[in-house]
Amino acid sequence: MSLLFAVEVFAFDPDYIASKNRVLGFGVSAYRWVDRVFNGTDTAYISPTGYRWNVKLRANSWSDFNGFYFDGDHRMGMVSPSCISIGADVQFMAIALGYDINVNRLAGGKDRSKSRFNFEFSSALVSGRLYSIKNEDGMTIRSLGEKLDEPIGFSGVRTSTWGIDLIYYFNHRRYSSQAAFSFGKIQKKSQGAFMTGVFFQSQKLFFDFGALPEEVKVWLPENWRGRNYHANGWNLGIGGGYGFNWVPRPNLTVGILGIVIPSVNYGFLNSETKGCSFRMNYRMNASVVWNRDRWFVGGVARADAGFIYSGSTLTNGLISFDAKIGWRF
(Lines give C-alpha, C1' and ligand atoms only; values in the text may rest on other atoms or scores of the structure.)
Protein backbone atom coordinates (compact mmCIF):
# COMPACT_ATOMS: atom_id res chain seq x y z
CA MET A 1 0.00 0.00 0.00
CA SER A 2 2.80 2.43 0.85
CA LEU A 3 4.41 1.87 -2.56
CA LEU A 4 1.16 2.60 -4.36
CA PHE A 5 0.72 5.76 -2.31
CA ALA A 6 4.24 6.93 -3.19
CA VAL A 7 3.58 6.34 -6.87
CA GLU A 8 0.35 8.31 -6.68
CA VAL A 9 2.06 11.29 -5.01
CA PHE A 10 4.92 11.41 -7.53
CA ALA A 11 2.38 11.29 -10.36
CA PHE A 12 1.00 14.72 -9.33
CA ASP A 13 2.20 17.94 -10.91
CA PRO A 14 5.07 19.38 -8.76
CA ASP A 15 3.49 22.84 -9.02
CA TYR A 16 0.31 21.44 -7.48
CA ILE A 17 2.28 19.91 -4.59
CA ALA A 18 4.24 23.14 -4.02
CA SER A 19 1.03 25.16 -3.80
CA LYS A 20 -0.18 23.19 -0.74
CA ASN A 21 2.06 24.90 1.85
CA ARG A 22 5.51 26.38 2.37
CA VAL A 23 7.12 23.15 3.56
CA LEU A 24 6.05 21.26 0.44
CA GLY A 25 6.99 24.28 -1.66
CA PHE A 26 10.50 24.27 -0.19
CA GLY A 27 10.73 20.50 -0.82
CA VAL A 28 9.75 20.92 -4.47
CA SER A 29 12.26 23.78 -4.91
CA ALA A 30 15.02 21.66 -3.34
CA TYR A 31 14.09 18.72 -5.58
CA ARG A 32 14.25 20.90 -8.68
CA TRP A 33 17.66 22.28 -7.68
CA VAL A 34 19.08 18.79 -7.06
CA ASP A 35 17.56 17.53 -10.32
CA ARG A 36 19.09 20.48 -12.21
CA VAL A 37 22.56 19.88 -10.70
CA PHE A 38 22.61 16.07 -11.01
CA ASN A 39 20.51 15.54 -14.14
CA GLY A 40 20.96 18.70 -16.21
CA THR A 41 21.90 17.84 -19.80
CA ASP A 42 22.35 19.42 -23.22
CA THR A 43 19.17 18.34 -24.98
CA ALA A 44 20.91 18.49 -28.35
CA TYR A 45 22.94 15.44 -27.22
CA ILE A 46 20.76 13.70 -24.60
CA SER A 47 17.00 13.39 -24.26
CA PRO A 48 14.77 11.76 -21.64
CA THR A 49 12.71 8.73 -22.65
CA GLY A 50 9.48 10.64 -22.01
CA TYR A 51 7.96 7.90 -19.81
CA ARG A 52 8.15 7.08 -16.09
CA TRP A 53 7.09 3.42 -16.27
CA ASN A 54 8.54 0.47 -18.14
CA VAL A 55 8.13 -3.29 -18.19
CA LYS A 56 10.86 -5.59 -19.49
CA LEU A 57 11.97 -9.16 -20.00
CA ARG A 58 15.64 -9.96 -19.39
CA ALA A 59 18.18 -12.76 -19.51
CA ASN A 60 21.48 -12.85 -17.64
CA SER A 61 24.57 -15.05 -17.71
CA TRP A 62 27.67 -14.67 -15.53
CA SER A 63 30.80 -16.54 -14.51
CA ASP A 64 33.80 -15.77 -12.30
CA PHE A 65 37.39 -16.67 -13.15
CA ASN A 66 40.83 -16.93 -11.54
CA GLY A 67 44.27 -17.20 -13.05
CA PHE A 68 47.54 -17.98 -11.25
CA TYR A 69 50.94 -17.00 -12.61
CA PHE A 70 53.46 -18.77 -10.41
CA ASP A 71 56.42 -18.23 -12.73
CA GLY A 72 57.25 -18.37 -16.45
CA ASP A 73 56.66 -22.15 -16.64
CA HIS A 74 53.71 -22.51 -14.26
CA ARG A 75 50.40 -20.85 -15.15
CA MET A 76 46.93 -22.07 -14.17
CA GLY A 77 43.56 -20.70 -15.31
CA MET A 78 40.13 -21.66 -13.99
CA VAL A 79 36.50 -20.60 -14.46
CA SER A 80 33.25 -21.40 -12.70
CA PRO A 81 30.23 -22.86 -14.52
CA SER A 82 27.97 -20.15 -15.93
CA CYS A 83 24.87 -19.13 -13.99
CA ILE A 84 21.94 -18.30 -16.27
CA SER A 85 18.67 -16.66 -15.26
CA ILE A 86 15.63 -15.17 -16.98
CA GLY A 87 13.14 -12.75 -15.48
CA ALA A 88 10.78 -9.81 -15.79
CA ASP A 89 10.20 -6.59 -13.90
CA VAL A 90 8.02 -3.51 -13.74
CA GLN A 91 9.79 -0.22 -13.04
CA PHE A 92 8.58 3.24 -11.98
CA MET A 93 11.38 5.79 -12.27
CA ALA A 94 14.10 4.33 -9.99
CA ILE A 95 11.82 1.76 -8.27
CA ALA A 96 11.62 -1.72 -9.79
CA LEU A 97 9.86 -4.93 -8.80
CA GLY A 98 10.89 -8.12 -10.55
CA TYR A 99 11.30 -11.87 -10.43
CA ASP A 100 14.06 -14.19 -11.70
CA ILE A 101 14.06 -17.88 -12.58
CA ASN A 102 17.28 -19.90 -12.26
CA VAL A 103 17.57 -21.66 -15.62
CA ASN A 104 20.29 -24.02 -14.33
CA ARG A 105 17.90 -25.36 -11.68
CA LEU A 106 14.93 -25.35 -14.07
CA ALA A 107 16.86 -27.54 -16.51
CA GLY A 108 17.60 -30.06 -13.77
CA GLY A 109 21.17 -28.95 -13.22
CA LYS A 110 23.00 -28.56 -9.93
CA ASP A 111 21.74 -25.97 -7.46
CA ARG A 112 25.03 -24.14 -7.30
CA SER A 113 26.43 -22.42 -4.21
CA LYS A 114 27.03 -19.23 -6.16
CA SER A 115 25.32 -15.88 -5.77
CA ARG A 116 25.58 -12.37 -7.13
CA PHE A 117 23.90 -9.16 -5.99
CA ASN A 118 24.05 -5.89 -7.88
CA PHE A 119 22.34 -2.57 -7.08
CA GLU A 120 23.00 0.50 -9.21
CA PHE A 121 21.85 4.12 -9.28
CA SER A 122 22.77 6.72 -11.83
CA SER A 123 22.30 10.36 -12.69
CA ALA A 124 23.90 12.51 -15.37
CA LEU A 125 26.58 13.72 -12.91
CA VAL A 126 27.40 10.61 -10.84
CA SER A 127 26.64 6.91 -10.67
CA GLY A 128 27.08 4.33 -7.94
CA ARG A 129 27.06 0.59 -7.47
CA LEU A 130 26.79 -1.83 -4.55
CA TYR A 131 27.61 -5.43 -5.42
CA SER A 132 28.57 -8.82 -4.00
CA ILE A 133 29.79 -12.10 -5.50
CA LYS A 134 30.11 -15.44 -3.72
CA ASN A 135 31.36 -18.82 -4.95
CA GLU A 136 31.61 -21.94 -2.78
CA ASP A 137 30.86 -24.29 -5.67
CA GLY A 138 34.38 -24.87 -6.96
CA MET A 139 35.79 -24.16 -10.41
CA THR A 140 37.05 -25.91 -13.52
CA ILE A 141 40.74 -25.71 -14.43
CA ARG A 142 40.87 -24.88 -18.13
CA SER A 143 44.58 -24.23 -18.61
CA LEU A 144 47.68 -25.59 -16.92
CA GLY A 145 50.65 -24.23 -18.82
CA GLU A 146 50.96 -26.47 -21.88
CA LYS A 147 50.19 -29.72 -20.01
CA LEU A 148 46.37 -29.88 -19.75
CA ASP A 149 44.60 -32.25 -22.13
CA GLU A 150 41.06 -31.84 -20.72
CA PRO A 151 39.36 -29.68 -18.05
CA ILE A 152 39.82 -30.70 -14.40
CA GLY A 153 37.36 -30.02 -11.56
CA PHE A 154 38.73 -28.12 -8.54
CA SER A 155 36.54 -28.17 -5.42
CA GLY A 156 38.95 -26.39 -3.07
CA VAL A 157 37.79 -22.86 -3.91
CA ARG A 158 35.88 -20.41 -1.70
CA THR A 159 35.67 -16.79 -2.74
CA SER A 160 33.50 -13.83 -1.72
CA THR A 161 33.66 -10.17 -2.66
CA TRP A 162 31.55 -7.11 -2.01
CA GLY A 163 32.21 -3.53 -2.97
CA ILE A 164 31.00 0.03 -3.51
CA ASP A 165 31.78 2.22 -6.55
CA LEU A 166 31.12 5.95 -6.92
CA ILE A 167 31.91 7.55 -10.30
CA TYR A 168 31.86 11.21 -11.45
CA TYR A 169 31.44 12.10 -15.17
CA PHE A 170 33.16 15.26 -16.40
CA ASN A 171 31.25 15.79 -19.67
CA HIS A 172 27.95 14.80 -18.12
CA ARG A 173 25.85 17.32 -20.00
CA ARG A 174 26.62 15.69 -23.35
CA TYR A 175 27.55 12.10 -22.44
CA SER A 176 25.11 9.72 -20.71
CA SER A 177 26.15 6.40 -19.18
CA GLN A 178 22.44 5.86 -18.50
CA ALA A 179 21.72 5.86 -22.23
CA ALA A 180 24.23 3.08 -22.87
CA PHE A 181 24.06 0.85 -19.80
CA SER A 182 20.73 1.28 -17.98
CA PHE A 183 18.60 2.54 -20.91
CA GLY A 184 17.22 5.42 -18.82
CA LYS A 185 18.15 8.16 -21.33
CA ILE A 186 18.58 8.43 -25.11
CA GLN A 187 21.89 9.55 -26.61
CA LYS A 188 21.11 11.65 -29.70
CA LYS A 189 24.66 12.44 -30.88
CA SER A 190 27.97 10.62 -30.46
CA GLN A 191 29.91 11.85 -27.44
CA GLY A 192 32.46 10.73 -24.87
CA ALA A 193 33.55 11.68 -21.37
CA PHE A 194 36.42 11.18 -18.95
CA MET A 195 35.47 9.97 -15.50
CA THR A 196 36.99 9.45 -12.07
CA GLY A 197 35.82 7.59 -9.01
CA VAL A 198 36.40 6.08 -5.61
CA PHE A 199 36.25 2.29 -5.29
CA PHE A 200 36.07 0.19 -2.12
CA GLN A 201 36.18 -3.60 -2.07
CA SER A 202 36.25 -6.26 0.66
CA GLN A 203 37.51 -9.63 -0.52
CA LYS A 204 38.08 -13.14 0.83
CA LEU A 205 39.83 -15.68 -1.39
CA PHE A 206 40.82 -19.24 -0.47
CA PHE A 207 42.36 -21.89 -2.74
CA ASP A 208 43.23 -25.27 -1.21
CA PHE A 209 45.92 -26.68 -3.50
CA GLY A 210 45.87 -29.84 -1.38
CA ALA A 211 42.47 -30.63 -2.96
CA LEU A 212 43.95 -30.74 -6.47
CA PRO A 213 44.30 -34.08 -8.28
CA GLU A 214 47.70 -35.72 -7.82
CA GLU A 215 48.75 -35.13 -11.44
CA VAL A 216 48.22 -31.40 -10.91
CA LYS A 217 49.92 -31.29 -7.50
CA VAL A 218 53.18 -32.62 -8.92
CA TRP A 219 53.03 -29.98 -11.68
CA LEU A 220 52.94 -27.09 -9.18
CA PRO A 221 56.17 -25.33 -8.23
CA GLU A 222 57.71 -27.13 -5.26
CA ASN A 223 57.14 -24.23 -2.87
CA TRP A 224 53.37 -24.30 -3.59
CA ARG A 225 52.71 -28.03 -3.27
CA GLY A 226 50.29 -28.79 -0.44
CA ARG A 227 49.88 -25.10 0.41
CA ASN A 228 46.84 -22.85 0.54
CA TYR A 229 46.51 -19.48 -1.18
CA HIS A 230 44.47 -17.12 0.97
CA ALA A 231 43.71 -13.41 0.91
CA ASN A 232 41.41 -11.60 3.32
CA GLY A 233 41.32 -7.80 3.37
CA TRP A 234 39.99 -4.63 1.79
CA ASN A 235 41.01 -2.50 -1.17
CA LEU A 236 40.65 1.25 -1.58
CA GLY A 237 41.38 2.83 -4.93
CA ILE A 238 40.97 6.05 -6.89
CA GLY A 239 40.59 5.36 -10.58
CA GLY A 240 39.88 7.01 -13.87
CA GLY A 241 38.71 6.11 -17.32
CA TYR A 242 36.83 7.08 -20.44
CA GLY A 243 33.47 6.23 -21.95
CA PHE A 244 32.17 6.83 -25.46
CA ASN A 245 28.67 6.50 -26.90
CA TRP A 246 28.55 6.10 -30.68
CA VAL A 247 25.26 6.93 -32.39
CA PRO A 248 25.59 5.59 -35.96
CA ARG A 249 21.92 6.26 -36.67
CA PRO A 250 18.95 7.73 -34.78
CA ASN A 251 17.74 5.59 -31.85
CA LEU A 252 20.79 3.28 -31.98
CA THR A 253 23.57 3.67 -29.39
CA VAL A 254 26.76 1.65 -29.03
CA GLY A 255 28.61 2.28 -25.77
CA ILE A 256 32.03 1.36 -24.46
CA LEU A 257 33.61 2.26 -21.12
CA GLY A 258 36.92 1.43 -19.47
CA ILE A 259 38.32 2.27 -16.01
CA VAL A 260 41.75 1.63 -14.48
CA ILE A 261 41.84 1.49 -10.67
CA PRO A 262 45.17 1.45 -8.78
CA SER A 263 44.38 0.26 -5.26
CA VAL A 264 45.96 -0.18 -1.86
CA ASN A 265 45.08 -3.40 -0.03
CA TYR A 266 45.25 -3.94 3.72
CA GLY A 267 44.79 -7.39 5.21
CA PHE A 268 46.11 -10.93 5.17
CA LEU A 269 47.87 -12.22 2.04
CA ASN A 270 49.36 -15.71 2.45
CA SER A 271 50.47 -14.64 5.92
CA GLU A 272 49.28 -14.70 9.52
CA THR A 273 49.96 -10.97 9.92
CA LYS A 274 48.24 -8.04 8.24
CA GLY A 275 50.07 -5.83 5.81
CA CYS A 276 49.69 -3.45 2.87
CA SER A 277 50.05 -4.44 -0.77
CA PHE A 278 49.38 -2.94 -4.19
CA ARG A 279 46.67 -4.11 -6.57
CA MET A 280 45.40 -3.13 -10.00
CA ASN A 281 41.75 -3.42 -11.00
CA TYR A 282 40.20 -2.95 -14.42
CA ARG A 283 36.60 -2.48 -15.57
CA MET A 284 35.39 -2.79 -19.15
CA ASN A 285 31.76 -2.41 -20.26
CA ALA A 286 30.26 -2.59 -23.74
CA SER A 287 26.64 -2.20 -24.83
CA VAL A 288 24.25 -1.73 -27.71
CA VAL A 289 20.68 -0.44 -27.39
CA TRP A 290 17.96 0.31 -29.92
CA ASN A 291 15.05 2.63 -29.04
CA ARG A 292 11.88 2.75 -31.12
CA ASP A 293 9.05 4.88 -29.76
CA ARG A 294 8.11 3.08 -26.50
CA TRP A 295 10.16 -0.05 -27.24
CA PHE A 296 13.79 -0.70 -26.39
CA VAL A 297 16.09 -3.68 -26.94
CA GLY A 298 19.63 -3.91 -25.65
CA GLY A 299 22.53 -5.92 -24.36
CA VAL A 300 25.31 -5.11 -21.88
CA ALA A 301 28.57 -7.03 -21.43
CA ARG A 302 30.79 -6.39 -18.38
CA ALA A 303 34.23 -7.62 -17.40
CA ASP A 304 35.87 -6.85 -14.03
CA ALA A 305 39.39 -8.05 -13.25
CA GLY A 306 41.84 -7.50 -10.42
CA PHE A 307 45.53 -8.38 -10.19
CA ILE A 308 46.96 -9.38 -6.80
CA TYR A 309 50.75 -9.31 -6.55
CA SER A 310 52.65 -11.44 -4.03
CA GLY A 311 54.96 -14.47 -4.39
CA SER A 312 52.72 -15.29 -7.35
CA THR A 313 50.26 -13.18 -9.34
CA LEU A 314 46.54 -13.93 -9.12
CA THR A 315 43.98 -12.58 -11.57
CA ASN A 316 40.47 -12.59 -10.12
CA GLY A 317 37.35 -11.36 -11.88
CA LEU A 318 33.85 -11.66 -13.29
CA ILE A 319 32.31 -11.71 -16.77
CA SER A 320 28.59 -11.10 -17.29
CA PHE A 321 26.08 -10.45 -20.08
CA ASP A 322 22.56 -9.02 -19.83
CA ALA A 323 19.98 -8.89 -22.61
CA LYS A 324 16.76 -6.88 -22.22
CA ILE A 325 13.64 -6.06 -24.20
CA GLY A 326 11.12 -3.60 -22.79
CA TRP A 327 8.21 -1.24 -23.29
CA ARG A 328 7.80 2.20 -21.73
CA PHE A 329 4.47 3.71 -20.69
Query raised in the report: Out of residues 5 or more away from Gly184 or on other chains, whose amide H comes under 5 Å of its own, with H placed 1.01 Å from N in the peptide plane?
Result: Ala179
Query raised in the report: Using θ = phi - 60° and the Karplus curve 6.51 cos²θ - 1.76 cosθ + 1.60, what whole-Hz ³J(HN,Hα) does each residue of region 288-299 get, with Gly and Pro shown as x?
Result: 9, 9, 10, 10, 9, 6, 7, 8, 8, 9, x, x
Query raised in the report: In region 271-329, which trypsin sites (Lys or Arg not before Pro) fall in coil by DSSP and have 14 or fewer other Cβ atoms within 10 Å?
Result: Lys274, Arg294
Report summary line: In whole angstrom, the spacing between the Cα centers of region 143-197 and region 223-267 equals 7 Å
Query - Stretch in the chain that is longest and holds no GluC sites (Glu not before Pro) that DSSP places in a loop and that have at most 11 other beta carbons within 10 Å - result: 1-145
**Report entry** Leu144 accessible area, assembled protein chains, probe 1.4 Å, Å²
**Finding:** 10 Å²
Report task. Could you work out how far helix 2-11 tilts from the main Cα principal axis of the chain, as a 0 to 90 degree angle to the nearest 10? Result -> 50 degrees
Report task. Could you pull out every residue, at least 5 positions away or on a different chain, whose amide H is within less than 5 Å of the one on Trp295? Hs are placed 1.01 Å off N in the peptide plane, and Pro or chain starts have none. Result -> Arg328
Report task. For Lys188, go through the aspartates and glutamates and keep the ones whose alpha-carbon is under 17 Å away, minus same-chain ones fewer than eight residues off. Result -> Asp42, Asp293
Query raised in the report: By how many degrees, 0 to 90 and rounded to 10, does the Cα axis of helix 22-39 deviate from the longest principal axis of the chain?
Result: 50 degrees
Query raised in the report: In nm, to one decimal, how far is the Val103 label point from the Leu166 one, both placed 7 Å along Cα→Cβ?
Result: 3.7 nm
Query raised in the report: Rounded to the nearest 0.05, what FRET efficiency is calculated for Asn223 and Lys147 with R0 set to 25 Å and r the Cβ-Cβ distance?
Result: 0.85
Query raised in the report: Taking Cα pairs under 8 Å and at least six residues apart, what relative contact order does the chain come out at, in percent?
Result: 17 percent
Query raised in the report: Cα convex hull of the chain: mean projected area in nm², to one decimal?
Result: 20.5 nm²
**Report entry** Packing rank of 121-130, 171-180, where each peptide gets the mean count of other beta carbons within 10 Å, highest leading
**Finding:** 171-180, 121-130
**Report entry** Residue-normalised accessible area of region 261-329, expressed per residue, 1.4 Å probe, Å²
**Finding:** 48 Å²
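The values are calculated or read from the model by the stated rules, or taken from the named source; none is laboratory data. Not measured: the values here are computed from a predicted model. With ideal geometry, Cβ positions are generated from the backbone for all residues, glycine too; neighbour counts draw on all protein chains shown. With ligands, DNA and RNA removed, areas are computed over all heavy atoms of the protein, side chains included. Shrake-Rupley method; radii C 1.70, N 1.55, O 1.52, S 1.80 Å.
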